[in-house]
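The values are calculated or read from the model by the stated rules, or taken from the named source; none is laboratory data. No experiment lies behind these values; they were computed from the predicted model shown. All Cβ positions, even for glycine, are placed from backbone atoms using ideal geometry, and neighbour counts span all protein chains on display.
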Amino acid sequence: MGIYAVEGRLLVKRDDGKIHWVTINGKHIPIGMSRSEAKVRTTLRKLEDKIRSKKVEHGYIVGVNGKVLWKGSGKSNFVGIENAIERNLLKGNIFTHNHPRGMSLSGHDVNNMINHRMRFVRAVSKSFDYEIHPPKSFDYSEKSINEFWNLYWDIREEEEDKLLGLIIAGKTSAEKADAEIDHLVWERMSNEFDMRYRRKSRNE
Ligand SMILES: [Zn+2]
């Protein structure tokens, strides 16, 4: 990573040769991002680094201005957000939480995102950050929502069959397959529905 200053602004150039952010008044602002988006990203990063190694799930709802609107904790594979739903805190906002077992976003996570029209949802672990956005120009009609979940279950079944084949052939373990299934499904779903989905390694 190379660092150099131009006219009082600190530009950071990574190994890929691209400039990734400028620093203004001590704040890192990624290139191509508005200030509010940069604020959201900074808040998410701070919160997520606190929870990514925890053994039970912790969740936060963050507003588009970067303000933390709600926090809660649950069990090793669950954090309940009913309380936030009752208070109507989900619409247009961001939900982030940790997945202690390192998996990608669950069907339940994405169901919440769509039902409550959230901006995007993230799950983090020691090794990965996962992020998913609702499909672009999604009309949220019952028909579209049904199409979405019908395809989800078809793709899931196909991917489970493939993984089962790999387990039987001794090419992967049940544990690895279990950790990978959600990721494989969202990768395919994101192509089908033009939705942003990514898995980022913490080492990147
Ligand atoms: Zn989750």
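Looking at Arg122, Arg188, can you tell me which residue is within 16 Å of the ligand (Cβ to nearest atom), basic (Lys, Arg), in contact with a helix residue (DSSP H, G or I) (Cβ under 9 Å, 6 or more places away or on another chain) and modelled with pLDDT of 95 or more?
On the way: Arg188 fails: within 16 Å of the ligand (Cβ to nearest atom).
Checking each option against the conditions leaves just Arg122.
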Count of residues meeting criterion [among the aliphatic types (A, V, I, L, M) and more than 30 Å from Gly92 (Cβ to Cβ)] in the range 132-169: 6
Filter pass, Phe148 being modelled with pLDDT of 95 or more and within 16 Å of the ligand (Cβ to nearest atom): no
Residue in the range 97-108 that is within 14 Å of the chain's Cα centre (by Cα), buried (at least 19 other Cβ atoms within 10 Å of the Cβ), touching a residue at least 12 places away in the same chain (Cβ under 8 Å) and away from the ligand (no atom under 13 Å from the Cβ) present: no
Single residue of the range 39-68 satisfying the filter (assigned to a loop (DSSP other than H, G, I, E, B) and touching a Lys or Arg at 6+ places or on another chain (Cβ under 8 Å)) that is farthest from the ligand (Cβ to nearest atom): Asn65
Pairs with Cβ under 7 Å, 6+ apart, first in the range 68-95 and closer than 24 Å to Ser36 by Cα, second among the basic types (Lys, Arg) and away from the ligand (no atom under 14 Å from the Cβ): Lys91/Arg117; Gly92/Arg117; Gly92/Arg119; Asn93/Arg119; Ile94/Arg119
